[in-house]
1. Keeping the other protein chains in place, figure out the carbon and sulfur percent of the accessible area of the chain, with a 1.4 Å probe.
2. Kindly identify the range 240-285 as rounded, prolate or oblate by the Cα gyration tensor criterion: order the square roots of the eigenvalues as a ≥ b ≥ c, call it rounded if a/c is under 1.5, otherwise compare a/b with b/c, prolate if a/b is larger, else oblate.
3. If you take the charge dipole of the chain about its Cα centre, with +1 on Lys and Arg Cβ and -1 on Asp and Glu Cβ, which of Ala142, Gln93, Leu190 is farthest toward its positive end?
4. Helix 2-21 versus the longest principal axis of the chain: what angle, 0 to 90°, nearest 10, using Cα atoms?
5. Of the labelled options (i) 19.5, 63; (ii) 24.9, 82; (iii) 23.0, 96, which one gives Rg and Dmax of the Cα atoms in Å as computed for this structure?
6. What does the C-alpha gyration tensor say about the overall shape of the range 202-285? Classify as rounded when a/c is under 1.5, otherwise prolate if a/b is larger than b/c, or oblate.
7. Averaged per residue, what accessible surface does the range 168-284 expose to a 1.4 Å probe, in Å²?
8. Rounded to the nearest 0.05, what FRET efficiency is calculated for Ala262 and Ile120 with R0 set to 45 Å and r the Cβ-Cβ distance?
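The values are calculated or read from the model by the stated rules, or taken from the named source; none is laboratory data. It should be emphasised that the depicted structure is a prediction, and the values quoted were computed from it without experimental measurement. Every residue, glycine among them, receives a Cβ derived from its backbone with ideal geometry; neighbour counts consider all protein chains shown. Just the protein is used for accessible areas: all its heavy atoms, side chains included, with ligands, DNA and RNA removed. Shrake-Rupley method; radii C 1.70, N 1.55, O 1.52, S 1.80 Å.
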Amino acid sequence: MKKLAKLFIVLLAVWALAACGNESASGDSKTVKVRIGVTGTDGEVWPLLKEKAKKEGIDIELVEFSDYTLPNQALANKEIDINSFQHIAFLSQFAKENNADLEPIGATVIAPMGIYSEKIKDIKELKKGDKIAIPDDPSNQARALKLLESAGLIKLSDDFGLFGDPTKIVENPKELDIYPVVAQQTPRVLPDVAASVINNGVAGQGGFDPVKDPIYLEDADDESVLPYVNVFAARAEDADNETYKRIVELYHEADVIKAVEADTNGGSIVVDTPKEELVKQFKGL
């Protein structure tokens, strides 16, 4: 009996040590692992966010994807917990097309879209018949066409909406050849086109200065760009998860905001749009 009692005491001590090993730095909760889907991990932002979260018992694992549709598929399939790479319009389009119960849980940045060129310095220099590349995914394609309209190059139909395509162009006085390509290819085709409409993040990854290099830039203060606010997204069933909410809060702390500015050369602007407004916009698209 004494041997059994001693064995019980030893096992109890081992269990207690194991339990302590699972506690966070604060000592009052266990470490929680969160898998976040992203499309790029370069720069200071994600390492900094991981470090800050770790101090609060949140172990962030970044899962990198090379294609824009994959992080949402992985989220819907419960292969990751949340993702952060897209704007509201893109998320809405995916959710509708795939009957996926996803929704935004927090804002990250607004990244103005720009028109770039290796051949001209001013948008007015475009000539008749010039080729212009735009992203081919529905939401970014529509956004690019609206940008071309705001630059005075084309006119779109009144029913264009958020997901219109080149068939909705009703006026094209310069007979521009609008050329849809995969978003990540828009910088690479610059030698072959007169100009290319490039997402802010893709431009940064391509080595461009998203503030100085565009020959025409979207107005980030225009209310019409709210659908293009980038977000953290989760499955609807996890929308109120406290750990995910905390990650969103950490993203908006001063040192992370500074890192975002550094990583994007000032091209991305951190915004703290309330979750309720994000969801309202998302459901209204």
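1. On the way: 7450 of 14730 Å².
Its accessible area is 51 percent carbon and sulfur atoms.
2. Details: a/c = 3.36, a/b = 1.46, b/c = 2.30.
Note, shape of the range 240-285 comes out oblate.
3. Positive-end residue among those listed: Gln93.
4. Between helix and principal axis, roughly 20 degrees.
5. (iii)
6. Since a/c reaches 1.5 but b/c is at least a/b, the shape of the range 202-285 is classed as oblate.
7. Working: 5870 Å² over 117 residues.
For the range 168-284, the solvent-accessible area averages 50 Å² per residue.
8. Working: r = 30 Å, r/R0 = 0.66.
So, using R0 = 45 Å, E works out to roughly 0.90.
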